[in-house]
Amino acid sequence: MSSPSCWDSIASALSPGGPSREAALREQLLAREEAAAMHRAAVQRLTDRADALQRRIEVVAREAEAARRAARSAEGRARRAEDQRRVAARTNEMHEEMLWALDKEMKRKDSQVTVLTAIVGTVKVSGEKKRISF
């Protein structure tokens, strides 16, 4: 059942009906004031809730942005660490190649020393034989 319109209320107040009409009109006005107050309170609660949610959204947005910045920073550190790892790996490979080349050179020189030692030993033995023959 819908409440009477404002015009209906005014018309009924002006029509002859006596104090009962006036009391009914006052009750209707009081009911409307109470309903309006309830609506205002509900609107205020909803506004407060919306404000609280907006503040929470702003906090979450700031936290999300901070998390994105931290992630970008971590990605940058990871890239730099990976670059350093690659440089270290390449340096290690170069050192291994140098060690392999030095080892090869040492083996070659060791072989030459062995040959020269044998030659010196042979020359020494030959020299002793020549001395004996004199």
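The values are calculated or read from the model by the stated rules, or taken from the named source; none is laboratory data. Model, not experiment: these values are computed from the prediction. As a convention, Cβ positions derive from the backbone with ideal geometry for all residues, glycine included, and neighbour counts pool all protein chains shown.
Could you give me the residue pairs with C-beta distances under 6 Å whose first residue belongs to the range 63-88 and is touching a residue at least 60 places away in the same chain (Cβ under 8 Å) and charged (D, E, K, R), whose second residue is surrounded by 10 or more Cβ atoms within 10 Å (Cβ to Cβ) and assigned to a helix (DSSP H, G or I) wherever it lies, and which are 6+ apart or on separate chains?
If the second residue must be surrounded by 10 or more Cβ atoms within 10 Å (Cβ to Cβ) and assigned to a helix (DSSP H, G or I), no pairs are left.
For residue 18, work out the one condition from (1) at positive phi; (2) among the small types (Gly, Ala, Ser); (3) modelled with pLDDT of 95 or more it doesn't fulfil.
It fails just one condition, (3).
Which residue pairs have Cβ atoms closer than 8 Å, lie 6 or more positions apart in sequence or on different chains, and pair a first residue in the range 27-44 that is part of a helix (DSSP H, G or I) with a second residue that is not aromatic (Phe, Trp, Tyr)?
Cβ pairs passing all conditions: 28/3; 28/4; 28/9; 29/9; 31/3; 32/3.
Could you check the range 19-57 and list, in sequence order, the residues that are of a type in the set (D, E, K, R) and over 46 Å from the mean Cα position of the chain (by Cα)? Steps first, please.
Taking the range 19-57 as the starting set, the residues that turn out to be of a type in the set (D, E, K, R) are 21-22, 26-27, 32-34, 40, 45, 48-49, 51, 55-56.
Within the range 19-57, 21, 22, 26, 27, 32, 33, 34 qualify.
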